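Everything on this sheet refers to the single structure shown next.
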2 protein chains.
Amino acid sequence: ETGAGQWGSGLCFGAALVGIKCDVFMVRVSYYQKPGRRVMMESWGGRVVPSPSVPPERIYEDMVTETAKKALAEDPNHPGSLGWAISEAIEHALKKPYPLNYSLGSVLNHVLMHQTIVGLEAYKQYELIDEYPDIIFGCTGGGSNHCGQAFPFIKDKLDGKKPDLRIVACEALSCPRLTRPKYIGYDTGDTIGYTPYIWMHSLGCDFVPAKIHAGGLRYHGMAPLLCVLIYSGYHEAQAFPQTEIFEAGRILSMTEGFLTAPEPCHCWAGAIREARRCAETGEEKVIHVADSGHGWVDVRGYDEYLKGKLEVLL
Amino acid sequence: ETGAGQWGSGLCFGAALVGIKCDVFMVRVSYYQKPGRRVMMESWGGRVVPSPSVPPERIYEDMVTETAKKALAEDPNHPGSLGWAISEAIEHALKKPYPLNYSLGSVLNHVLMHQTIVGLEAYKQYELIDEYPDIIFGCTGGGSNHCGQAFPFIKDKLDGKKPDLRIVACEALSCPRLTRPKYIGYDTGDTIGYTPYIWMHSLGCDFVPAKIHAGGLRYHGMAPLLCVLIYSGYHEAQAFPQTEIFEAGRILSMTEGFLTAPEPCHCWAGAIREARRCAETGEEKVIHVADSGHGWVDVRGYDEYLKGKLEVLL
């Protein structure tokens, strides 16, 4: 399953390299917002369907699921959610006679551990330039990008070596798992309930998020490890409306020259807020940003922003 | 002016960095094929209009030109061409009361010279790995990318140090300036005739190319320096249909993981032809490819290709 398509892209390319097949259920609203990501997955040989898919969208008959039928019975124009897409993918994997495995790209502990390779590299780079971040901003969909960057640094805070280090998880205002969770406790990772229960901050496994362009930040839950750190006060969380994050993306493109995706725009928005505050107070700070992914398939969002037509979406 | 938008993007970002304004006339067919490139230019503060623009497309009244009116009088559905876009841009620059300069991104000698920084770096990289290319493939729109890569190597061929080195300019079959030019001699760089006459292989300054996705390879002429080298037999030229070049792009994405633009897909198509020939004969060769630009704004072309709907367009 994939939201905005980053994880699906990674899976399809990986599958192409080792010669196995990859089927992807892509959250329906992102499927239409970001056709480029679908084309990329297809160019790597993936079969991609919108989740939930309705006729005549059902391109591959063997990818039709009971889950999709249930979602569509609730709402014939269902925009999809990662919860539903995970259920579809698990059902698809379960019912096949041939070996077919489901793969999750975030949330679970082993994914976060794997992603720390990025933070370990960043840690070494700071050593090389004899610096250390005062504050780290990362965007949080399921938590892997943010925690992968931050965990090698949070160790220093837990050890007492860097007690003042601040680590900020940046999420979408319309999907506030960390800043305004519906509850904190056990919930299923998918909507139907195929997954084990996971301890996390959750908006409820049946939460259907607004159609913001940051498709990667629409999940109802959050990585348990990050939730523990938030709950214990080691990490902070901030939420941003999509108008502010596209403004941050625009500022970044004007100064650094690259168009970044709406997801990392959330951490850039946090960094810009902090930098502006420092400019007022005269503080000097090393601000670390965990960027992830370009915005070339998100030009529709940028276009709406530049035309002044972007909705806040709460 | 810009075709597929690469040069326009470079100009807009450069202008943003130094705080000056940038107006771009983008060949009309590419303006609609590649909305991402337009959004990118706009995110850098550029004003972009399709060339030629018709009402209600005339977003900026002060960018309306007599040139566009002439083009539309010829054909109300004019797809545009770089020749017409250059004329529009020059007219726009000429008629302004404030300082406004026109900037060309390829063809002219100084641009080619500037681009050799890329080839000089490649040359040093071969020294570091103790290798030397047997054959160089580069795509040719106006010639700057190809020549920028190849000129530091062609020196060795001209000096007699590497007499067997082959350098192949790869162009679109539907815009064959080098493989089937209409004539070789003096022609204007634009359609209306604002530019000086340039000695080159040309399809005629009024040539309107087919609507292939490789918008950067649709120019009617070619860099004089490259034309001399082709004419003298130092460089070779090959032409490719757009079906073959998207197949090359697909192969590249499956093996290397990145989606490249239709323009450099032409040189990958040449390299793949050569690699397959070598595989048959058992030859071992070092094949150099002058890649340029990602394909994230070209997903429509890839989509048509993957669906089997791509037209050859001659």
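For B:Glu236, the residues whose modelled amide H falls within less than 5 Å of its own, excluding neighbours fewer than 5 places apart on the same chain, are B:Ile167, B:Val168, B:Ala169. Here's the picture: charge each Lys and Arg Cβ at +1 and each Asp and Glu Cβ at -1 in chain A, and of A:Gly185, A:Ala237, A:Cys265 the one pushed furthest to the positive end of that dipole is A:Gly185.
The amide H of B:Cys22, built 1.01 Å from its N in the peptide plane, has B:Arg47 as neighbours under 5 Å, considering only residues 5 or more places off or on other chains. Taking 16 Å as the straight-line reach from the Cα of A:Lys69, the lysines in range (excluding those fewer than 8 positions away in the same chain) are A:Lys95. Bridging of A:Lys161 to lysines at a Cα separation below 20 Å is possible for A:Lys124, A:Lys285, once same-chain residues fewer than 8 apart are set aside. Amide H contacts of A:Val289 (H built 1.01 Å from N, in plane; Pro and chain starts excluded): A:Phe137 sit under 5 Å, all sequence-distant by 5 or more or on other chains. Scalar couplings 3J(HN,Hα) for the range A:2-11, obtained by applying the Karplus form with A = 6.51, B = -1.76, C = 1.60 to θ = phi - 60°, are 8, x, 6, x, 4, 5, x, 5, x, 5 Hz; x denotes Gly and Pro. Quick one: helix A:144-158 against the long Cα principal axis of chain A, what's the angle to the nearest 10°, folded into 0 to 90? Once rounded, one gets 40 degrees. Which residues, if any, in the range B:274-299 have at least 40 Å² less accessible area in the whole protein complex than in the isolated chain, probe 1.4 Å? Hits at the 40 Å² cut-off: B:Trp296, B:Val299. The average projected area of the range B:97-195, computed from the convex hull of its Cα atoms over all directions, is 9.1 nm².
Sorted from nearest, the other copies put their A:Ile129 label points 2.9 nm away, the label point being 7 Å from Cα in the direction of Cβ. Scanning chain A for the beta carbon that comes closest to the axis linking it by rotation to B yields A:Trp296, 2, distance in whole angstrom.
Couplings for the range B:24-31, taken from phi via the Karplus curve 6.51 cos²θ - 1.76 cosθ + 1.60 with θ = phi - 60°, read 10, 9, 9, 3, 3, 5, 6, 3 Hz in order; Gly and Pro are left as x. Among the GluC sites (Glu not before Pro) in the range B:104-188, those located in a DSSP loop and surrounded by at most 12 other Cβ atoms within 10 Å of their own Cβ are B:Glu131. Helix A:82-95 and the long axis of chain A differ in direction by around 50°, with both axes built from C-alpha atoms. 3J(HN,Hα) couplings calculated from phi for the range A:54-59 with the Karplus curve 6.51 cos²θ - 1.76 cosθ + 1.60 (θ = phi - 60°) are, in sequence order, 10, x, x, 6, 5, 5 Hz; Gly and Pro show x. Answer rounded, prolate or oblate for the range A:109-306, using the Cα gyration tensor with square roots of eigenvalues a ≥ b ≥ c: rounded when a/c is under 1.5, else prolate when a/b is larger than b/c, else oblate. It is oblate, given that a/c is not under 1.5 and a/b is not larger than b/c. The angle between the Cα long axis of helix B:262-281 and the main principal axis of chain B comes to about 20°, on a 0 to 90 degree scale.
Remark: the range A:109-306 carries a charge dipole of roughly 460 debye about the Cα centre, counting +1 on each Lys and Arg Cβ and -1 on each Asp and Glu Cβ.
Inter-copy label distances for A:Gly282: 7.9 nm (label point placed 7 Å from Cα along Cα→Cβ; shortest first). Probe radius 1.4 Å, ligands and nucleic acids left out: can you give me the accessible area buried at the B-A interface, summed over both chains, in Å² to the nearest hundred? Heavy-atom accessible area buried at this interface is about 2200 Å². Using the 1.4 Å probe convention, the accessible area of chain A works out to 42 Å² per residue with neighbouring protein chains retained. Counting only protein heavy atoms and a 1.4 Å probe, tell me what percentage of the range A:109-306's accessible area is made up of carbon and sulfur. With neighbouring chains kept in place, the figure for the range A:109-306 is 54 percent.
Could you pull out every one of the lysines with an alpha carbon less than 21 Å from that of A:Lys309, ignoring same-chain neighbours closer than 8 positions? Within reach: A:Lys34, A:Lys211, B:Lys34. For the range A:1-136, a simple Cβ point-charge model (Lys and Arg +1, Asp and Glu -1, everything else neutral) yields a dipole of about 560 debye relative to the Cα centre. Say we join alpha carbon atoms closer than 10 Å with springs in a Gaussian network model of chain B; which of B:Lys70, B:Lys211, B:Lys34 then has the biggest fluctuation? So, out of B:Lys70, B:Lys211, B:Lys34, the one fluctuating most is B:Lys70. The same position B:Lys162 in the other copies lies at 4.6 nm from this copy, comparing label points 7 Å beyond Cα toward the beta-carbon, shortest first.
The values are calculated or read from the model by the stated rules, or taken from the named source; none is laboratory data. All values reported here derive from a predicted model rather than from experimental measurement. Methodologically, a virtual Cβ is constructed for each residue, glycine included, from the backbone with ideal geometry; neighbour enumeration extends over all protein chains shown. These accessible areas exclude ligands, DNA and RNA; they are computed on the full protein's heavy atoms, side chains included. Shrake-Rupley method; radii C 1.70, N 1.55, O 1.52, S 1.80 Å.
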